[in-house]
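Single-structure report; data block below.
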Amino acid sequence: MMKQLHISEAPFGATQSGVPVSLFTLVNGNGMTVKVTNYGGIITQLHVPDRDGKLADITHGFDSVTPYEGDVPYFGALIGRYGNRIANGRFTIDGESFQLDVNNGANHLHGGAQGFHKQVWKAKAFTRADEVGVLLQYTSPDGEMGYPGKLQVEVEYQLNHANELKVLYRATTDKATPVNLTQHAYFNLAGDGDILGHQLQICADRYTPVDAGLIPEGGPVAVAGTPFDFRKSQAIGARIDADHEQLRRGLGYDHNWVLNKPVPGLLALAATVRDPQSGRMLELYTREPGLQFYSGNFLDGSLNGKGRSYAHRSGLCLEPQHFPDSPNRADFPPTVLRPGQTYTTESLYRFSVV
């Protein structure tokens, strides 16, 4: 008989300013476990079974809130208001210019230095007939990190018996503002080592090349004949150090793929990752038009957590998103949310074994 779904809440420390933080543990009948904190909406642990039923924690993170307040590369965090980069931290809406926090060279990255990943969210656990989860809520005030408008945000994590983790996003605003929310978990399906042997497939015929600051230059180009062709499953390490200018600029893969979407906004398969060693497989479905694949190029072993060292290319990120710098690109799918509209999107992470 399958065990019941279960959720619990425990203290996870307090912020430097003394705000208490909670950790929510979601468990399904297969033993799959997801731990989420209301600091940054961060997924701190993710335990899934291998082909022998053995559980391992397959995501980067820490054991308390304190390290997350430091300069860490968005481990497991909710990202907002805008995932990825905006050139020079500037954009114009309806003729009015806005200057955002610049926190990545000359550019704005992942909502700024004090983006959603550094905020304490309101949190409420729930149990339904076929899922358990956490509803997270945050109000981003007008002017936060330079963004116009008060943005009301809700994100819901849901875990079910099918080893599926669903992430649902919703936002409303009182002034026109760019919105591009995503999740920044680092995955290592083996549980340790590097991710170069992981087999990756991305459902995309095109990607967006970038300049030296990792801002898209020109329009999308075909992946055919390049190291960016993951239309068929390929080992991540097979071509990651190839002689290609785009790989040199990203120090590996750190690019946006234009997902093949017959219908915009359709929840569809974006990518599949498989670890041959453990048999673990992740299928990612999203309503977003793009997917940022990042191969952990800037990890260098200087960060440690949960008894392990986070070495070079020890984790990969698959960030469902609108394209980088979209507020400045009329040729990209739009990202401006206006009063009276509701921003909604959804991603589903399905874990299995092969």
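Before moving on, here are some points about what is shown:
- Element breakdown for segment 80-230 at a 1.4 angstrom probe: carbon and sulfur atoms account for 47% of the accessible area.
- Contact order, relative form, for segment 62-177: 18 percent (alpha carbon pairs under 8 Å, 6 or more residues apart, mean separation divided by residue count).
- When the Cα gyration tensor is reduced to axis lengths a ≥ b ≥ c, the ratio a/c is 1.5 or higher for segment 131-246, and with a/b not above b/c it is classed as oblate.
- Modelled FRET efficiency - R0 51 Å, Ala330 with Gln16, Cβ distances, 0.05 increments: 0.75
- Other residues lying with their Cβ under 14 Å from the Cβ of Arg85 contribute a combined charge of -2, Lys and Arg counting +1, Asp and Glu -1.
- Cα-projected label distance for His312 with Gln277, points at 7 Å along beta-carbon direction, nm: 1.8 nm
- Residues in segment 214-278 average 45 Å² of solvent-accessible surface per residue, probe 1.4 Å, ligands and nucleic acids excluded.
- For segment 296-354, the gyration tensor built on C-alpha atoms gives a prolate shape. Its axis ratio a/c (a ≥ b ≥ c) is at least 1.5, and a/b is the larger of a/b and b/c.
- Placing a pseudo-label 7 Å from each Cα along the Cα-to-Cβ vector at Arg231 and Asp211 gives an inter-label distance of 3.0 nm.
- Summed over qualifying helices (DSSP H, 4 residues or more, each -39500 (n - 2.57)) and divided by its residue number, the chain shows a 222 nm mean residue ellipticity of -500 deg cm²/dmol.
- Karplus 3J(HN,Hα) series, Hz, for segment 189-202 with 6.51 cos²θ - 1.76 cosθ + 1.60 (x for Gly, Pro): 5, 7, x, 7, x, 9, 9, 5, x, 4, 8, 10, 10, 10
- Nonlocal amide H pairs with Ala235, under 5 Å, H built at 1.01 Å: Leu200
- Set of segment 114-130 residues, backbone N closer than 15 Å to the point 7 Å along the Cα-Cβ line of Glu69: 114, 118-121
- The candidate values were [x] 49; [y] 54; [z] 43; the one computed from these coordinates for percent of Cα pairs over 27 Å apart carries the label [z].
- Neighbours of Gly225, meaning other residues whose beta-carbon lies under 13 angstrom from its beta-carbon, give a summed charge of +1 when Lys and Arg score +1 and Asp and Glu score -1.
- Three-way shape call for segment 119-168 based on the alpha-carbon gyration tensor, with the a/c threshold at 1.5: prolate
- Across segment 193-308, the volume of the C-alpha convex hull divided among the residues equals 130 Å³ per residue.
- Per residue, segment 1-136 exposes 43 Å² of accessible surface when a 1.4 Å probe is rolled over the protein heavy atoms with every protein chain present.
- Trypsin sites (Lys or Arg not before Pro) within segment 103-141: DSSP coil, no more than 13 neighbouring Cβ in 10 Å: Arg128
- Distance between segment 296-354 and segment 77-104 - C-alpha centres, whole angstrom: 16 Å
- Residue-by-residue Karplus 3J(HN,Hα) for segment 336-342, coefficients 6.51, -1.76, 1.60, Hz, glycine and proline x: 7, 9, 10, x, x, 9, 10
- Contour minus Cα-Cα distance for Leu266 and Ala176 (0.36 nm per residue): 30.0 nm
- Theoretical gain in end-to-end length, Asp243 to His161 [0.36 nm per residue, Cα-Cα removed]: 25.1 nm
The values are calculated or read from the model by the stated rules, or taken from the named source; none is laboratory data. Fair warning: this is a prediction, and the values are worked out from it, not measured in the lab. Positions of Cβ are backbone-derived with ideal geometry, glycine not excepted, and every protein chain shown enters the neighbour counts. Ligands, DNA and RNA are stripped out before the accessible areas are found, and what is left, the full protein with its side chains, is counted by its heavy atoms. Shrake-Rupley method; radii C 1.70, N 1.55, O 1.52, S 1.80 Å.
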